Every structure is written in C-alpha cells, then in structure tokens.
1. For region 36-49, give me each residue that is surrounded by fewer than 17 Cβ atoms within 10 Å (Cβ to Cβ) and either at pLDDT below 85 or under 14 Å from residue 79 (Cβ atoms) (or both).
2. What pairs come out if I take residues in region 102-129 that are at pLDDT below 80 and pair them with residues that are in a helix (DSSP H, G or I) whose C-beta lies under 8 Å away, six or more apart or interchain?
3. Filter region 54-79 down to residues that are farther than 22 Å from residue 9 by Cβ and out of contact with any strand residue (DSSP E or B) (no Cβ under 8 Å at 6 or more places or on another chain) and give me whichever is surrounded by the fewest Cβ atoms within 10 Å (Cβ to Cβ).
4. Please state which of the following conditions residue 69 fails to meet, knowing it meets all the rest: (1) under 26 Å from residue 112 (Cβ atoms); (2) within 14 Å of the chain's Cα centre (by Cα).
5. When region 1-10 is examined, which residues are found to be under 17 Å from residue 74 (Cα atoms) and either within 14 Å of the chain's Cα centre (by Cα) or not in a strand (DSSP E or B) (or both)?
6. If you take the residues of region 11-28 that are in a loop (DSSP other than H, G, I, E, B) and touching a residue at least 12 places away in the same chain (Cβ under 8 Å), which of them is surrounded by the fewest Cβ atoms within 10 Å (Cβ to Cβ)?
7. Give me a count of the residues in region 79-97 that are at pLDDT 95 or above and in contact with a helix residue (DSSP H, G or I) (Cβ under 7 Å, 6 or more places away or on another chain).
8. Go through the residues of region 33-55 one by one and say whether even a single one is assigned to a helix (DSSP H, G or I) and farther than 27 Å from residue 129 by Cβ.
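The values are calculated or read from the model by the stated rules, or taken from the named source; none is laboratory data. No experiment lies behind these values; they were computed from the predicted model shown. Note: ideal-geometry Cβ built from the backbone for every residue, glycine included; neighbour counts use all protein chains shown.
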C-alpha cells in the first residue's frame, strides 16, 4: 500500500493498531489521526461517525485540506449540537480527521451521546461481526 500524507502538515502517516481493534493513520508530525469511514463509530462506540450528519453539514465550511485516502476535499463541521468540537470530514469518502487533542474531547462527548445500554448492545454486535461468539 502506498504511504499516505498528512492533510494537516504533509508528513507521512503511519498505521497504528488501537486497543479497540481499529487500524488508524497517525501523523507523528502534528499528532493527528485519520479514521476511515465507519472507524469513528467503531472506535468511540457510536451508531454513526457523525451523530447528525445532515445537521452538521448545514453549517460546514470547506477547507483547503485534501483526504489522504481519496484526495477529496475536507469540510469542517460541528461534530454534535452538544459540544463545540469541530472535526474535518472528507466529502468524498467520508473519512474523518481528528487533530491533536480532539480524541479525548470526542471520548468525553461520546459518553453523552448514547446510553450505556445502547453502547453495550452495539459493542456486542461489533464483537459478533468480527467473528467472536458467546460461550
């Protein structure tokens, strides 16, 4: 696979495996992370990468960043009405770029977005989808 370039600082992105079993593209230069489509939802145990994409896109603004996967343009959008967190999302493939410091903010926000019961159900569905069966 060809190496990917950071959309923020143009350094080479390196693949890292998270404890959540998601392979992320990490920039050692600016400390940002690129999530492929569906990985934000999986990593943060949410239903979707962006909770209300239509509402978030209504106030999004174009950026000059290009997606490291598909070279599509990024847009800045407010992640959720519950918080002022702004993330970058590719309009082409739907990948999400998180700058340094945004992962802990999204972790805290994700706890507010869904109930513990729905998070547990989703986790069990993800585990089964990956081939693990209950004993």
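1. Passing the criteria: 47, 48.
2. 114/122; 126/42
3. That would be 54.
4. So residue 69 meets the others, but not (1).
5. Matches in region 1-10: 6, 7, 8, 9, 10.
6. Taking region 11-28 first, the residues in a loop (DSSP other than H, G, I, E, B) are 11, 18-22, 28.
Narrowing further to those that are touching a residue at least 12 places away in the same chain (Cβ under 8 Å): 11, 18, 20-22, 28.
Working: 11: 14, 18: 13, 20: 13, 21: 11, 22: 17, 28: 13.
Going through the qualifying residues, I end up with 21.
7. Selection size over region 79-97: 2.
8. Yes, some residue in region 33-55 is assigned to a helix (DSSP H, G or I) and farther than 27 Å from residue 129 by Cβ.
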